[in-house]
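The values are calculated or read from the model by the stated rules, or taken from the named source; none is laboratory data. Values in this document were obtained by computation on a predicted structure and should not be read as measured data. Note: ideal-geometry Cβ built from the backbone for every residue, glycine included; neighbour counts use all protein chains shown. The accessibility values were calculated without ligands, DNA or RNA, using every heavy atom of the protein model including side chains. Shrake-Rupley method; radii C 1.70, N 1.55, O 1.52, S 1.80 Å.
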Amino acid sequence: MAAGPMRIRAASNGTETEVKILMSHDMETGQRKDASGALIPAHHITEITATHNGRVVLAGQFGPAVSKNPYLQFKFKGGAKGDKVSVSWVDNKGEKRTDEVVVS
Amino acid sequence: MKGTRYAACVAASALALMLPAMPAGADATAEGIAKYREALADGNPAELWEMQGEELWRTARGPKNASLEKCDLGQGPGVVKGAFVTLPRYFADTKRVQDLESRLLTCMETLQGIPADEVAKTPFGKGEQKSIEALVAWISAESRGMKFNVPTSHPEEKRMYEIGKRAFNYRGGTHDFGCVTCHGEDGKRIRLQDLPNLTKGPDAARGFGAWPAYRVSSGELWSMQRRLNDCFRQQRFPYPLYGSDVTIALSTYLGVTANGAGESTAPAIKR
């Protein structure tokens, strides 16, 4: 499955917001070989950023050890219903994807 | 006298210590596996397929440039909710019992003009088979939490159930193997995988009701047809044709056995 939209959920309990992200990505390690024995080139997310109303609340680096279709869950202080949480990733081929969700 | 009483007392306390120790250890292991499963289920990537499937259902595609919104899955044209837990069933228009996937082939051919036999010949995970994987993920999710209610009133449905039962119990091949070898008794497992006893209602609902499922080991979504196809491989039987009667008969047998005994959890997440 190629890089499709992310599935993001963000829920606030009044004091903190819990964000759950499911990313759609092949996350090829670069170590695997295809049926004909040729190396499958590495293709994985390298950077991930989450912002809350434009402010960065999480920045991380991903490598080849992260699974296919990665799942990430985190909490940040603050955030209220109706706020916007935006998640972006960049992979080693320079492909990008950004998806946004409204906090519930 | 005093000595024997002391000895008996020691023996009794040793027994008291020993007896609960063993089940507690087994419980801890089972609990640990349950926790691992729970952690996996949160953020099941099958949701990515569900999203895609819902979109595909509504998208006009194929030579006839039509969507699947008029597809009749047994609950009337376009009704998706509750359809999954009542399949396989007899369809008057095709005059045969169909499971979800063979029914989708019919809809794709009649509504969209996508040739069914070509989709059936396509290997799993490629081309239009990918569309089917996304569609079954979404369609099954629409019946999540519902109890199985696979019909048996039509003579053809009864016949398929009986054929499925025979196929399930049929042993053969180089390993003298059948479905029943692994799934005919309680408490069996392969490595850490508990094997459901598919001849009993609650286990049949738990097992049959989990597919389609996301396989963590391959990062793919497996439909029921693919699951059964791999069961045939594990038995060292020839591969069944996609959507063939024996696969539908097996699904009918499993579905009817699951009737009323449990809820559908598909698309679940599997090792």
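When only alpha carbons are used to place a centre, segment B:39-59 and segment B:167-237 end up 23 Å from one another.
The accessible-area ordering, largest first, of the residues B:Arg61, A:Arg9, B:Arg191 stands as B:Arg191, A:Arg9, B:Arg61, per a 1.4 angstrom probe. Quick one: accessible surface of A:Arg32, probe radius 1.4 Å, all protein chains present, in square angstrom to the nearest 10. Number for this one is 130 Å². Taking a straight Cα-Cα cut-off under 12 Å and skipping sequence neighbours fewer than 8 places away in the same chain, the aspartates and glutamates within cross-link reach of A:Lys84 are A:Asp99, A:Glu100. Taking the charge dipole of chain B about its Cα centre, with +1 at Lys and Arg Cβ atoms and -1 at Asp and Glu Cβ atoms, the residue from B:Trp138, B:Ser217, B:Gly243 reaching farthest to the positive side is B:Ser217. Between B:Thr29 and A:Phe74, the distance separating the two model label sites (each 7 Å from Cα on the Cα→Cβ line) works out to 3.8 nm. For the pair B:Val79 and B:Arg159, a Förster radius of 25 Å applied to the C-beta separation gives a FRET efficiency near 0.45, rounded to the nearest 0.05. Screening chain B for DSSP H helices whose Cα atoms reach 30 Å or more along their own axis and whose mean Kyte hydropathy is at least 0.0 gives B:2-41. Hey, with R₀ at 51 Å, roughly what FRET efficiency would A:Gln31 and B:Lys70 work out to, going by the Cβ-Cβ distance, to 0.05? With R0 = 51 Å, the Cβ-Cβ based efficiency is 0.65.
Rolling a 1.4 Å probe over the protein chains gives B:Trp57 an accessible area of about 10 Å².
Comparing B:Pro238, B:Pro115, B:Pro151 in a Gaussian network model of chain B, where Cα atoms under 10 Å apart are tied by springs, the biggest mean-square fluctuation is seen for B:Pro238. Annotation: B:Leu135 carries an accessible surface of approximately 0 Å², with a 1.4 Å probe and no ligand, DNA or RNA atoms counted. The label-point distance for B:Ser217 and B:Asp42, in a model that sets each label 7 Å from Cα toward Cβ, rounds to 2.6 nm.
Hey, which of these cross-link pairs are over 31 Å Cα-Cα: A:Lys33/B:Lys35; B:Lys121/B:Lys165; A:Lys33/B:Lys70; B:Lys35/B:Lys200; A:Lys20/B:Lys147; A:Lys96/B:Lys70? The partial results should precede the final answer.
On the way: A:Lys33/B:Lys35 33 Å; B:Lys121/B:Lys165 26 Å; A:Lys33/B:Lys70 43 Å; B:Lys35/B:Lys200 25 Å; A:Lys20/B:Lys147 29 Å; A:Lys96/B:Lys70 36 Å.
Violating the 31 Å Cα-Cα cut-off are A:Lys33/B:Lys35; A:Lys33/B:Lys70; A:Lys96/B:Lys70.
Annotation: for a label point projected 7 angstrom from Cα along Cα→Cβ of A:Lys96, residues of segment A:43-58 with backbone N closer than 18 Å are A:44-58.
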